[in-house]
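Participant: Here it is, the structure, as structure tokens.
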Amino acid sequence: MDKIQITGGNELYGEVKISGAKNAALPLIASSILVNGKTCFSNVPDLMDITSIKLLLEDLGASCRTLKGCLEVDGSSINKAEAEYDLVRKMRASILVLGPLVARFGHAKVSLPGGCAIGARPVNMHLSGLAALGASISIEHGYIEAKAKRLIGNDIYFDMPTVTGTENLMMAASLAKGTSVLRNAAREPEIVALADALTKMGAKINGAGTAIITIEGVKKLSPVDIKIIPDRIETGTFMVACAATGGDILIKGCEPKHIGGIINKLKATGTIVSTFKDSVRIVGKKPIKSVDIKTLPYPGFPTDMQAQFMTLMTIAKGNTMIHESIFENRFVHANELLRMGADIAISQGNIAMVRGVKTLQAAPVMASDLRASASLVIAGLIARGTTVISRVYHMDRGYEAIEKKFSLLGADIKRIN
Ligand code: EPU
């Protein structure tokens, strides 16, 4: 199995180009199920999770091929409405095929995703939303079955904003009869990207990016070309890495409007952040000031940046309180950071108190999930000595060529096996 080896201590300099966003690409690729024709996606990142969704769509009968750097998905040949356990267990976001399948084919059977390293992650709001649209839902032998001759528009209220839940329901409601209103909807840029793509396909959607989204159902959607938006979490990861190591980098091909929560906190640490139309410049400054964070739904500070920010705070001057309010078990990286000399105490499961230390020390560590792996890469870049990170398959799910990108910025980092 691959590992990442990093000898820390180098400052980062130069330019890095951001890839397409995994969490935008996954629902967009799932939306091609709604279309009886070919949908073409550009700026698709080369990631394990993208391979997983392609395999899932191919198993449903869709044909996927790469043409001139674009992913073309032909939904006209879909002849199966069942997403099997072996495919879904590899990636929880496979639940995103549920809404499109039931909306287009009137029935869907999707393996119930289990819990994952960061929390239980139930899908009850996806299911109650589909039930509100008139689907009959049952769970048997580990599979969700949803049936409806045609979904009927309705009011749906989410107990809390759910990203993939909002996406699933937005896709399903696009082909429903009548109008649906999603209340307390998620407001992430990935929701807006999906609404824009569905609108291009012929859907009638208003309010995406706000807490109330109105969808007037249409009879069919048409094939279109879609460009995946830049990855705001990859952008944030490079920003925090440069703040931690010091140096001066230009992050290109990103969307500064999507990362306000991260910019705000990084500036408070003393890091110099300058934004341009589609790039961000970061100049690391010492000493790094400690800054408290609380993860919140967008536009708050993203939970997907909490682990990376915690690593930065391990070498800040002073104490930092980190409150993880989205997932109940998203501090697994803290135990690995402790092995590298960090001083972190966890209380009540979702509050971490980080006391800044002078520097981190290299150690063999293990990645437990995607963003935890990024936090350990940043720790390795800071630490004195050579760090080896194992289980980097977690990182390969969501970061495209991360070691090559850091290496081009001057880091001493390589993949070994
Ligand atoms: N929740 C429920 N019931 C539901 C759905 C969600 O209780 O039916 C809870 C969750 O347990 C959690 C909260 O609602 O406490 C928010 O979860 P959400 O549904 O928004 O998460 P998600 O859609 O499963 C997406 C991203 C995650 C990201 C979260 C939060 C994708 C494919 N995944 O997950 O990304 O952390 O939103 O922003 O978009 C990652 O990229 O590393 C990652 C985990």
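The values are calculated or read from the model by the stated rules, or taken from the named source; none is laboratory data. Every value quoted in this text rests on a predicted model; they were computed, and no experiment measured them. Cβ coordinates were reconstructed from backbone atoms using ideal geometry, including for glycine residues, and neighbour counts include every protein chain displayed. With ligands, DNA and RNA removed, areas are computed over all heavy atoms of the protein, side chains included. Shrake-Rupley method; radii C 1.70, N 1.55, O 1.52, S 1.80 Å.
Residue by residue, here is whether (1) under 17 Å from the mean Cα position of the chain (by Cα); (2) within 16 Å of the ligand (Cβ to nearest atom); (3) under 15 Å from Gln308 (Cβ atoms) holds:
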site	(1), (2), (3)
Arg330	yes, yes, yes
Leu338	no, no, no
Asn350	no, yes, no
Arg355	no, no, no
Thr359	no, no, no
Ala363	no, no, no
Asp369	yes, yes, yes
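Results for (1) buried (at least 19 other Cβ atoms within 10 Å of the Cβ); (2) of a type in the set (Val, Ile, Thr); (3) within 15 Å of the ligand (Cβ to nearest atom), shown as yes or no for each residue.
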position	(1), (2), (3)
Leu60	yes, no, no
Ser63	no, no, no
Asp74	yes, no, no
Ser77	no, no, no
Glu84	no, no, no
Gly99	yes, no, yes
Cys116	no, no, yes
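Participant: For the stretch 175-215, how many residues are of a type in the set (Ser, Thr, Tyr) and either part of a loop (DSSP other than H, G, I, E, B) or open to solvent by less than 40 Å² (accessible area, probe 1.4 Å) (or both)? Spell out the reasoning first.
Facilitator: Of the stretch 175-215, the ones of a type in the set (Ser, Thr, Tyr) are 179-180, 199, 210, 214.
Keeping just the survivors that are either part of a loop (DSSP other than H, G, I, E, B) or open to solvent by less than 40 Å² (accessible area, probe 1.4 Å) (or both) gives 180.
The number of residues fulfilling the criteria is 1.
Participant: Which of the residues belonging to the stretch 216-241 are open to solvent by less than 20 Å² (accessible area, probe 1.4 Å), within 16 Å of the ligand (Cβ to nearest atom) and not polar (S, T, N, Q)?
Facilitator: Within the stretch 216-241, Ile228, Asp231, Ile233, Glu234, Gly236, Phe238, Val240 qualify.
Participant: Checking the structure you have, find out if any residue of the stretch 155-166 is touching a strand residue (DSSP E or B) at 6+ places or on another chain (Cβ under 8 Å), assigned to a helix (DSSP H, G or I) and under 20 Å from Ala203 (Cβ atoms). Outline the logic, then answer.
Facilitator: Filtering the stretch 155-166 for residues touching a strand residue (DSSP E or B) at 6+ places or on another chain (Cβ under 8 Å) gives 155-158, 166.
In the following step, the residues that additionally are assigned to a helix (DSSP H, G or I) were identified as 166.
Next, only the ones that are under 20 Å from Ala203 (Cβ atoms) stay: 166.
Checking the stretch 155-166: at least one residue is touching a strand residue (DSSP E or B) at 6+ places or on another chain (Cβ under 8 Å), assigned to a helix (DSSP H, G or I) and under 20 Å from Ala203 (Cβ atoms).
Participant: How many residues does the stretch 242-261 contain that are open to solvent by less than 10 Å² (accessible area, probe 1.4 Å), among the aliphatic types (A, V, I, L, M) and out of contact with any Phe, Trp or Tyr (no Cβ under 7 Å at 6 or more places or on another chain)? Lay out the reasoning, then the answer.
Facilitator: Keep residues of the stretch 242-261 that are open to solvent by less than 10 Å² (accessible area, probe 1.4 Å), which gives 242-244, 246-247, 249, 251, 254, 259.
Now narrow it down to the ones that are among the aliphatic types (A, V, I, L, M): 243-244, 249, 251, 259.
Then drop every residue that is not out of contact with any Phe, Trp or Tyr (no Cβ under 7 Å at 6 or more places or on another chain), which leaves 243-244, 259.
Summing the residues that are open to solvent by less than 10 Å² (accessible area, probe 1.4 Å), among the aliphatic types (A, V, I, L, M) and out of contact with any Phe, Trp or Tyr (no Cβ under 7 Å at 6 or more places or on another chain) in the stretch 242-261 gives 3.
Participant: The conditions are (1) touching a Pro at 6+ places or on another chain (Cβ under 9 Å); (2) open to solvent by less than 10 Å² (accessible area, probe 1.4 Å); (3) away from the ligand (no atom under 15 Å from the Cβ), and Lys38 fails exactly one of them. Which is it?
Facilitator: If we test Lys38 against (1) touching a Pro at 6+ places or on another chain (Cβ under 9 Å); (2) open to solvent by less than 10 Å² (accessible area, probe 1.4 Å); (3) away from the ligand (no atom under 15 Å from the Cβ), just (2) comes out false.
Participant: Would you point out which residue out of Leu169, Leu133 is under 26 Å from Ile233 (Cα atoms), hydrophobic (A, V, I, L, M, F, W, C) and at pLDDT 95 or above? Please lay out each step first, then the result.
Facilitator: Values: Leu133 fails: under 26 Å from Ile233 (Cα atoms).
Leu169 is the lone residue from the list that is under 26 Å from Ile233 (Cα atoms), hydrophobic (A, V, I, L, M, F, W, C) and at pLDDT 95 or above.
Participant: Let me ask something else about it. Which of the residues belonging to the stretch 90-106 are among the charged types (D, E, K, R) and under 17 Å from the mean Cα position of the chain (by Cα)?
Facilitator: Step one: list which residues in the stretch 90-106 are among the charged types (D, E, K, R), which gives 90, 92, 104.
If the condition is that a residue be among the charged types (D, E, K, R) and under 17 Å from the mean Cα position of the chain (by Cα), then Lys90, Arg92 are the ones that fit.
Participant: Before we move on, is Ile144 open to solvent by less than 10 Å² (accessible area, probe 1.4 Å) and within 13 Å of the ligand (Cβ to nearest atom)?
Facilitator: Values: open to solvent by less than 10 Å² (accessible area, probe 1.4 Å): yes; within 13 Å of the ligand (Cβ to nearest atom): yes.
So Ile144 passes the test.
Participant: Where residues in the stretch 304-326 are within 15 Å of the ligand (Cβ to nearest atom), open to solvent by less than 20 Å² (accessible area, probe 1.4 Å) and more than 18 Å from Ala383 (Cβ to Cβ), which of them is nearest to the chain's Cα centre (by Cα)? Talk me through it step by step, then tell me what you get.
Facilitator: Initial filter on the stretch 304-326 (within 15 Å of the ligand (Cβ to nearest atom)): 304-310, 323-326.
Still in the list and also open to solvent by less than 20 Å² (accessible area, probe 1.4 Å): 305-310, 324.
From what is left, the residues that are more than 18 Å from Ala383 (Cβ to Cβ) are 305-306, 324.
Details: Met305: 10, Gln306: 13, Glu324: 16 Å.
Result: Met305.
Participant: Within the stretch 327-362, which residues are free of Cβ contacts under 8 Å to residues at least 40 places away in the same chain, hydrophobic (A, V, I, L, M, F, W, C) and surrounded by fewer than 20 Cβ atoms within 10 Å (Cβ to Cβ)?
Facilitator: Leu338, Ala345, Ile346, Ile351, Met353
Participant: Filter the stretch 400-410 down to residues that are open to solvent by 10 Å² or more (accessible area, probe 1.4 Å) and either aliphatic (A, V, I, L, M) or in a loop (DSSP other than H, G, I, E, B) (or both), then give me how many there are.
Facilitator: Restricting attention to the stretch 400-410, the residues satisfying the condition of being open to solvent by 10 Å² or more (accessible area, probe 1.4 Å) are 400-401, 403-405, 407-408, 410.
Now restrict to residues that are either aliphatic (A, V, I, L, M) or in a loop (DSSP other than H, G, I, E, B) (or both): 400-401, 408, 410.
Total meeting the criteria: 4.
Participant: In the list Pro287, Pro297, which residue meets the criterion of being over 24 Å from Cys116 (Cβ atoms) and in contact (Cβ under 8 Å) with a residue 12 or more places away in the chain? Give the steps one after another, and end with the answer.
Facilitator: Working: Pro297 fails: over 24 Å from Cys116 (Cβ atoms).
After ruling out the rest, the residue left standing is Pro287.
Participant: Still on this model: Select, from Ser138, Ser111, the only residue that is more than 13 Å from the ligand (Cβ to nearest atom) and either modelled with pLDDT under 95 or open to solvent by less than 10 Å² (accessible area, probe 1.4 Å) (or both). Full working, then the answer.
Facilitator: Working: Ser138 fails: either modelled with pLDDT under 95 or open to solvent by less than 10 Å² (accessible area, probe 1.4 Å) (or both).
Only one candidate qualifies: Ser111.
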